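Read the structure below first, then the notes.
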Amino acid sequence: MMMLLGPLAFLCILAATAVSVPPQEKRVHHQPDLSSHVHDDAHGYQYDHEAFLGKEEAKTFDQLTPEESKARLAKIVERIDTDKDGFISHAELHHWIKHRQRRYIEDNVNKHWKDYDKNQDDQIAWEEYKNTTYGYYLGEDFDDVEDKATYKSMLARDERRFRAADRDADGIATRSEFTAFLHPEEFDHMKDVVVQETIEDIDKNKDGKIDINEYIGDMFTPEDGETEPDWVHTEKKHFSEFRDSNKDGYLDAGEVAHWILPGEVDHADNEAKHLIHETDTDKDGKVTKKEILANWNMFVGSQATNYGEDLTKKHDEL
C-alpha cells in the first residue's frame with residue numbers, strides 16, 4: 001500500500017514511561033504491520049482505517065453498522081454543503097478537507113499540550129519536554145537501559161527541532177511554536193529541519209545524500225523470495241526521471257525538499273477532485289448526498305472524514 005500521510009507523514013511512536021515520544025514524521029511508507037487486516041485497494045477500508053486511525057480508534061469505528069456509518073456521514077455531508085443547495089461542489093469539499101486538516105493539527109497539539117505543560121503556565125519549556133519524554137531513560141540510574149544511545153540520539157534531534165521552532169530563542173515554546181515543533185512540515189521556517197531529518201532517516205551510509213537503494217529501502221524491504229511489486233518499479237522510475245533532477249544518481253537536500261515539501265501541491269484540492277471524480281455518477285461536476293452515500297466507504301476512507309474518525313465524534317466536535 002502506498003500512502004502519503006499528510007504532507008509528510010503520521011506518527012511513529014516510541015513508548016516512554018508516562019508519555020510517548022511525539023511524532024517523528026515519515027514519508028511514503030509501505031508497512032505490513034500498519035493493520036492486521038489484508039489490504040485491497042478496492043475494498044481495503046478496514047486496513048485503511050486501522051492504518052490511519054490506529055487500532056483502538058479504528059475499533060470504535062468498526063463497531064458502527066453500515067447503516068449507522070451512512071447516517072453519520074449524511075450529517076457530515078450537510079455540514080459540507082454550506083450554501084444548502086443540495087449539492088457538494090469542489091470548492092465546498094476542498095474547504096471542508098482543509099478545515100479537517102487544521103482541526104487534526106489543533107487536536108493533536110492540544111492532546112500533547114496537557115502532557116508537557118507540567119506547571120500549567122500555558123507554555124512548554126524545553127526542560128519540561130525533555131524531562132517528561134526522556135527523563136526515565138537518561139537518568140544515571142538507568143545506564144543499563146537497552147538502546148540508551150538511541151534515546152540520546154532522539155533527544156538531540158528533538159532539541160534541534162525544538163530550537164528551530166523556538167523563534168525567539170528563549171527556551172520556551174508558545175502554543176504556536178509547539179505546533180511548529182510537532183508539525184514542522186506545516187511551517188516554512190521549519191523546512192530545513194524537515195529535510196535534514198528526512199535525509200538522516202534514509203541515508204544509511206551517512207554520506208549526506210540518498211541513493212536509489214536507500215530511497216527504495218525506506219519504503220520496501222523484500223522478504224526472502226518476494227518479487228518486487230509494480231509500485232517499486234514505478235518508484236525507481238520516479239527517482240531517476242523526476243526526483244534526481246541533476247541526474248547524478250543521488251538526492252541532495254534541494255532535491256529532497258522538492259520531493260517531500262512540494263509547495264505547489266495542494267493535497268486537499270487533489271483529494272477533493274478525486275472524491276468528486278469517483279462519486280459523481282452523472283458527471284455534472286458536483287455530488288449529491290445520494291451519490292456520496294452510494295460510495296460511503298470511499299468517503300469514510302478519506303480525509304473528508306479524517307479516515308472515519310469523524311463518524312465517531314459529536315456534531316460540535318467537527
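The set of residues in the stretch 113-135 that are of a type in the set (K, R) and outside any helix (DSSP H, G or I) contains only K118.
Selection within the stretch 303-317: residues that are in contact with a helix residue (DSSP H, G or I) (Cβ under 6 Å, 6 or more places away or on another chain) and not in a helix (DSSP H, G or I). The member of this set that is least open to solvent (accessible area, probe 1.4 Å) is G308. Inspect all residues belonging to the stretch 209-224 and state whether any of them is polar (S, T, N, Q) and within 25 Å of K118 (Cβ to Cβ). Scanning the stretch 209-224, I find no residue that is polar (S, T, N, Q) and within 25 Å of K118 (Cβ to Cβ), so the answer is no.
Each residue in the stretch 179-200 was checked for being in contact (Cβ under 8 Å) with a residue 40 or more places away in the chain, open to solvent by less than 50 Å² (accessible area, probe 1.4 Å) and in a helix (DSSP H, G or I), and 10 pass. Just one of the numbered conditions (1) under 20 Å from the mean Cα position of the chain (by Cα); (2) more than 19 Å from D201 (Cα to Cα); (3) open to solvent by 50 Å² or more (accessible area, probe 1.4 Å) is not true of K286: (1). The number of residues in the stretch 203-258 being within 27 Å of K191 (Cβ to Cβ), touching a residue at least 24 places away in the same chain (Cβ under 8 Å) and among the hydrophobic types (A, V, I, L, M, F, W, C) comes to 9.
When residues in the stretch 260-283 are screened for being among the charged types (D, E, K, R), without any contact (Cβ under 8 Å) to a residue 12 or more places away in the chain and open to solvent by less than 40 Å² (accessible area, probe 1.4 Å), 1 of them pass. Residue selection: A257 satisfies the criterion of being open to solvent by less than 50 Å² (accessible area, probe 1.4 Å), under 28 Å from E159 (Cα atoms), hydrophobic (A, V, I, L, M, F, W, C) and out of contact with any strand residue (DSSP E or B) (no Cβ under 7 Å at 6 or more places or on another chain).
Scanning the stretch 274-288 for residues that are modelled with pLDDT under 95 and either out of contact with any Leu (no Cβ under 9 Å at 6 or more places or on another chain) or part of a loop (DSSP other than H, G, I, E, B) (or both) gives H274, H277, E278, T279, D280, T281, D282, K283, D284, G285, K286.
The values are calculated or read from the model by the stated rules, or taken from the named source; none is laboratory data. The structure presented is a predicted model; accordingly, all values stated were derived computationally and were not measured. Reconstructed Cβ throughout: ideal geometry from the backbone, glycine too, with neighbour counts over all protein chains shown. Each accessible area value is taken on the protein alone, full model and side chains, heavy atoms only, with ligands, DNA and RNA left out. Shrake-Rupley method; radii C 1.70, N 1.55, O 1.52, S 1.80 Å.
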